[in-house]
Amino acid sequence: MQIQFKKCSVNHLKELVELGKTTFTESFREDNNPIDFDNYIREAFSEVQLLKELRNTDMSFFLVKEIDTTVGYFKLNQFSAQTELREDEGLEIERIYVKKKFQGRAIGNHMMKYIKELAESLQKDYLWLGVWEKNNGAIRFYEKNGFKKFGKHPYYIGNDKQMDWLMKLDLRTLDT
């Protein structure tokens, strides 16, 4: 398997909109109220919203490719672009998704390895993220990658208040 990572620019806007909508829908549509879910998708993955995020120098999107096929993507936030914490020594993984038909092929492990390397090159002390408390598969994945729960916060899909676990990985304790 040959996995490559490509940092997104505004030229990737349309692909990123489609990829974001597709992967989020594949992951969560069945577990949410259709009206709340559709409103969230329309706002969070609109061209206007994603263009704003792509132009923010403290937010980075990466396409994940297997040969010439886009199989997933991830989004990293640092400094004041982080949704919480906002500590200079931390890097937030806000989104990390693999298209459903490519799941189960260890692509997530390749992504996490690359993210850890990026964080270390940015001299970050830790990675952190929020994950829906009912997303047991993702929680297991993060735990296998060394993340530990340190708190929780609300996350809204439309008007539906859900709870995310906050998880952190201390990069200073990793074997290099």
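Only the coordinates and a few stated rules stand behind these numbers; no lab work does. In this text the structure is predicted, and so the values were computed from the model without any measurement. Every residue, glycine among them, receives a Cβ derived from its backbone with ideal geometry; neighbour counts consider all protein chains shown.
Odds and ends about this structure:
- Using only side-chain charges placed at the Cβ, +1 for Lys and Arg and -1 for Asp and Glu, the dipole size of region 61-150 relative to its Cα centre rounds to 620 debye.
- Residue by residue, region 166-173 carries 3J(HN,Hα) couplings of 9, 10, 9, 10, 7, 6, 6, 9 Hz when phi is fed to the Karplus relation 6.51 cos²θ - 1.76 cosθ + 1.60 (θ = phi - 60°); x denotes Gly or Pro.
- Taken about its Cα centre, the chain carries a charge dipole of about 420 debye when Lys and Arg each add +1 at the Cβ and Asp and Glu each add -1 at the Cβ.
- Length added when fully stretched, Glu87-Lys144, from 0.36 nm per residue minus Cα-Cα: 18.1 nm
- Whole-angstrom gap from region 49-70 to region 80-97, using each part's C-alpha centre: 15
- Each peptide in 42-53, 84-95, 102-113 was scored by the mean count of other Cβ atoms within 10 Å over its residues; highest first, the order is 84-95, 102-113, 42-53.
- The chain - Debye-derived log10 I(q)/I(0), Cα point model, q = 0.14 Å⁻¹: -0.76
- From least to most packed, judged by other beta carbons within 10 angstrom and beginning with the fewest, His12, His153 follow the order His153, His12.
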